[in-house]
Amino acid sequence: MTAAAETLSFQAEVGKLLDIVAHALYSNKEIFLRELVSNASDACDKLRLEGLTDPRLLEGGAEFRITLVPNKSERTLTIKDNGIGMNRADLVANLGTIAKSGTAEFLSRLSGDAKKDAGLIGQFGVGFYSSYMVAGKVSVDSRKAGEVEGWRWISDGQGSFTIEAVDLPARGTAITLYIREGEDEFLDEHRLRHIVKTYSDHIAVPVVLEHEGKEETLNSASALWTRQKSDITPEQYKEFYHHVGHAFDEPWMTIHYRAEGALEYTGLLFVPSMRPFDLFNPDRKSKVKLYVKRVFITDDGHELLPSWLRFLKGVVDSSDLPLNISREMLQHNPVLAKMRSGLVKRVLTELKKKAEEEPEQYLAFWSNFGAVLKEGLYEEPERKDDMLDLMRFAATGEEGPISLARYVETMQEGQEAIYTLSGDSVETLKKSPHLEGFTAKGVKVLLLTDPVDEFWIRGIHDYQGKVFKSVAEAGADLSKLAGKDQEAKSEDAGKEEDGKLDALLALMKMVLGEGVKDVRRSDRLTESAVCLVAAEGEMSLHLERMLKAHKQMEMTPTRILEVNPKHPVILRMAGLAEEEGAEGRLRPRIELLLDQARIVEGDPLPDPHGFAKRLAAVMLEE
Ligand code: ADP
Ligand code: MG
């Protein structure tokens, strides 16, 4: 072949990334080998799978292996595999652009501070590009399975790479690193042996070291999940988790078990200790890998786990599915459905155990993934009994998040419902006027701040027969609750005062007209003069705001304005309500009360200009 090498530029982001990687003050440079071995193993997995439907792709041997060849005199280290390989287009796309969202995320997090950014390399892993931590130049020879042309990709990592056609004897990829001065350790067999043992022992393909004409297999080369639990160290589990989950944190929990009987499969699942950046990606897909009899099938588009467990990483290996199972067959597959229900049960049981045995640690999990788990309440309400025990909530009168069991234990005499209030943050909710009466009676209120709360709570209805009830809804009846304050209800407030208040309420209704659905006397307020509540059964105020923010809703359903009969402002206004010309004098104040209730609720004022005018008028009054 004679075609000359072509020079192409890296995508701008790759250039930036390479610059950082090459100058990184990163202390674990050895991870480059883990990345390259991991890629080689992925390439073997891909070909093994494609070979099932097209055996011709496996011509030249189906014995997969990864070979490391250090060469001290040339100062090169070569990592070879006989996996799927790459053609020209693959090389350009995979090694010239950033297709992975993880790497893009890495770039967006860069601070410019060399030390901090170096840490991020370990956190995100920068895949193939990590080679440039130890090499000044990298050359990639590759031939794709089923194709005849070979290609050579070369780059010193400075803005561009070249590609040319070359003759290659067999399929697969050989990556040669030209090791930099000062990084000689990566040419040393002992060091390489140690690195592979540390990071890549779990790789199911043999990793073979070639030196002085001898060959030595460095890893155990058996799929980790097929081994006995007792033969696997925590370190090995961790490295496997990093490999399979493309993750860099510690696993928070490891679940490894074999199901036997009607259905046979092995699950090795991990709960991360850090929240992955793509947790709330719109696709909400589980990335757990499906294997059939040790052959990787897919990590995408399967129904092995529900999306509300999408934080799980790991593998599930089935002995019951056929090897040549197609994507279409994976949809609505009865075996898969049974495995799914077994896996879900197992995961929920393990979580529950952890919640009971190590409640502190459970809270760490909860703060990462609680909002995701709650989606399950909405999507599979039939699991509510198992799920509700796993939920934790911020609550008034409590330091940290609490369980529903704890809430029920501390309910007041006469209290029948579990009271909730939803909003954007615990801090603002705690100041809400809706809570005043409940706090005064020592009744706890759950503070719900995840958007998903608004959705599941409508379908779940109750916990152990105690209904969920929003304190921002009319009808959350405080009078039945004995509570702490034994102060008699407002019966002692004389008939005369009552009459005046009725007159004020009637006047308020008239003045506010369409602006509110009703004006009522409140028994929930102790400090504030007024608050807005949703009519019973109507959408909560918070949900309404969320829908508006997403332009899902235009109309404002009118709310009920509740009035605190004991508040000095209200008492004063009630005193004026029966006087001649009361309407004219009270109108701006009444309107201001509604404005104020809206502000406290976090609602925008429909007429800020009018608000300013009213306020000025009232301030001028003697
Ligand atoms: P990731 O492995 O997370 O996708 P990498 O930067 O490690 O990211 O690799 C980028 C891509 O390059 C891989 O997804 C794969 O398509 C391709 N690739 C890398 N190494 C090999 C290899 N040895 N054989 C085949 N393809 C490879
Ligand atoms: Mg990789």
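FYI, it's all coordinate maths here, none of it is from the lab. What you see is a predicted model; the values in this text were computed from it and never measured. Note that each Cβ is placed from the backbone with ideal geometry, even for glycine, and that neighbours are counted across all protein chains shown.
Before moving on, here are some points about what is shown:
- Electrostatic dipole magnitude of the chain [Cβ: Lys, Arg +1; Asp, Glu -1; Cα centre; debye, to 20]: 720 debye
- Inter-probe distance in nm under a simple model that places probes 7 Å from Cα toward Cβ, at residue 411 and residue 72: 7.7 nm
- When you filter the GluC sites (Glu not before Pro) in segment 108-204 for DSSP loop state and at most 15 other Cβ atoms inside 10 Å of their Cβ, you are left with 147, 149, 181.
- Taking the alpha carbon gyration tensor of the chain, multiplying each eigenvalue by 5 and rooting it gives semi-axes of 64, 28, 21 Å, largest first.
- In segment 32-160, Cα pairs under 8 Å separated by at least six residues give a relative contact order of 27 percent.
- Efficiency of FRET from Cβ geometry, residue 108 and residue 233, R₀ 45 Å, rounded to 0.05: 0.80
- Of the GluC sites (Glu not before Pro) found in segment 512-551, the ones in coil according to DSSP and having at most 15 other Cβ atoms within 10 Å of their Cβ are 527, 536.
- For residue 80, net neighbour charge (Lys/Arg +1, Asp/Glu -1) across residues whose Cβ lies under 13 Å away: -1
- Within segment 541-622: Cβ-based charge dipole about Cα centre, in debye rounded to nearest 20 (Lys, Arg +1; Asp, Glu -1): 320 debye
- Anisotropy class of segment 425-478 from Cα gyration tensor, a/c 1.5 cut: oblate
- Pairwise centroid distance, computed over Cα atoms, of segment 308-384 with segment 428-461, Å: 28 Å
- Considering helices alone, the calculated mean residue ellipticity of the chain at 222 nm is -11500 deg cm²/dmol, with DSSP H runs of length four and up weighted by -39500 (n - 2.57) and normalised per residue.
- Between segment 238-291 and segment 389-413, the alpha-carbon center distance in angstrom: 30 Å
- Long hydrophobic helices in the chain, taken as whole DSSP H segments with a C-alpha length of 24 Å or more on their own axis and mean Kyte-Doolittle hydropathy at least -0.5: 31-53, 334-357, 359-379, 495-512, 582-601.
- Structural descriptor for the chain: relative contact order 9 percent, calculated from alpha carbon pairs under 8 angstrom and at least 6 residues apart.
- Beta bridges assigned by DSSP with both partners in the chain are antiparallel in approximately 75 percent of cases.
- Modelled label positions at residue 583 and residue 323, each set 7 Å beyond Cα in the direction of Cβ, lie 8.8 nm from each other.
- Once the C-beta distance of residue 275 and residue 353 is scaled by a Förster radius of 25 Å, the resulting FRET efficiency is 0.70 to the nearest 0.05.
- Sparse-neighbourhood loop sites, trypsin sites (Lys or Arg not before Pro) in segment 208-301 - DSSP loop, at most 12 other Cβ within 10 angstrom: 293
- Residue among 325, 618, 159 farthest towards the positive dipole end of the chain, charges placed on Cβ: 325
- Residue exposure sequence - 45, 249 - by fewest surrounding Cβ within 10 Å: 249, 45
- Each part reduced to its alpha carbon centroid, segment 567-603 and segment 524-549 end up 19 Å apart.
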